[in-house]
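Undergrad: Structure incoming, see below.
Computed from the coordinates by the stated procedures, all read-outs in this text should not be read as laboratory data. All figures in this text were calculated on a predicted structure; none of them were measured in a lab. Here the Cβ positions follow ideal geometry from the backbone for every residue, glycine too, while neighbour counts run over all protein chains shown.
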Amino acid sequence: ATPVSIMVGTGRAAELGILFRKGEALQRLDGAKVIAFDKTGTLTEGRPALVRRETAPGFDAETVLRLAASAEQGSEHPIARALEQAAGAAPAPEEVEAIPGHGLRARVEGQSVLVGNARLMARENIDVTALSDTLHQMERAAQTPVLVALDGTLAGAFAVADRIKPGARAAVDALKQAGLRVAMISGDARPVAEAIGADLGIDQIEAEVLPEGKLDAVRALRERFGPVVFVGDGINDAPALAEADVGLAIGTGTDVAIESADVVLSSGAVAGAVNAVHVSRAVMRNIR
Ligand code: ADP
Ligand code: MG
């Protein structure tokens, strides 16, 4: 592309709230075959709420929730905010260890507290059969189960649910119309990711991906389909933003997202990704 047409293109994009940090990104965006989205905070609001609470026999929901919220006090994961909000005041934990992609382990009021997904419970040899029917119901309803174990015994399961962003479905449709294969990469449980992906009309769903696996997921998509655009909010996904042929940072504008991305969208709207693709197509069409 000529420098002038690229300048015109990036200028037009800026008016739409799309910042191209590198001119080549405009060209690479035009040649992309796949657009892969992070789920939490990118396709969904990233502000899950607690929607259901269940306990194993012999445990009291208030107590289990309060201990889980204590364990989550220092965590930046959106699930932590949902539990804290529902629990209200909770004591400070004595010790906490975050386990990325799984949850966390803490000591609260002298008890060992595990909070996280089924993978965490499997890893810690916690038997979840007492609540397995409940867990499946939650997942089928596109709710993420948050399991809590106290001193090595499953005590409760809380469901959190995040809302799909308004306009996300229409944006996915428009990207498919533009000839792109649309993928979603998520650390969430497969049934939850699949339920949300089906609502959105996503073609390809990669679920239960560990934080460090998002980069590999981008590479695998590239091998199968060709150049990949990755759209993320920078929470847990900066390496994937950097690895993608075009990294598109959305919304929150965390420093790490901006630094890792080729394109930065000033709003959190998924439609920004559609506009970015349309601008790149228009510029490249003019040049050819
Ligand atoms: P995502 O952003 O897609 O949720 P993560 O890698 O951050 O991906 O987390 C994957 C899964 O691990 C979450 O869906 C959740 O089930 C569990 N998890 C991670 N961190 C926490 C936490 N602080 N509290 C509870 N569960 C957690
Ligand atoms: Mg995210």
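Undergrad: Over the Cα atoms of the chain, how large are the radius of gyration and the largest Cα-Cα distance (Dmax), in Å?
TA: In Å, with Rg to one decimal and Dmax whole: 20.6, 71.
Undergrad: For a paramagnetic label modelled at 7 Å from the Cα of Ala242 toward its Cβ, which residues of the stretch 99-118 fall within the zone defined by backbone nitrogen distances under 20 Å?
TA: Residues 100-101 qualify, since their backbone N sits under 20 Å from the label point.
Undergrad: Rounded to the nearest 500, what is the 222 nm mean residue ellipticity of the chain from helices alone, with -39500 (n - 2.57) per DSSP H run of 4+ residues and division by all residues?
TA: Values: 12 runs with 119 residues, N = 288.
Helix contribution divided over all residues of the chain: -12000 deg cm²/dmol.
Undergrad: Calculate the spin-label point distance for Ser267 paired with Gln177, positioning each point 7 Å from the Cα along the beta-carbon direction, and give it in nanometres.
TA: 1.7
Undergrad: Quick check: the distance between the Cα centres of the stretch 100-125 and the stretch 1-35, to the nearest angstrom?
TA: About 44 Å separates the Cα centre of the stretch 100-125 from the one of the stretch 1-35.
Undergrad: Could you give the angle, 0 to 90 degrees to the nearest 10, between helix 78-87's Cα long axis and the longest principal axis of the Cα atoms of the chain?
TA: Taking the Cα atoms of the chain, the angle to 78-87 is about 40 degrees.
Undergrad: Taking the alpha-carbon set of the stretch 49-161, what are its Rg and Dmax in Å?
TA: 12.3, 35
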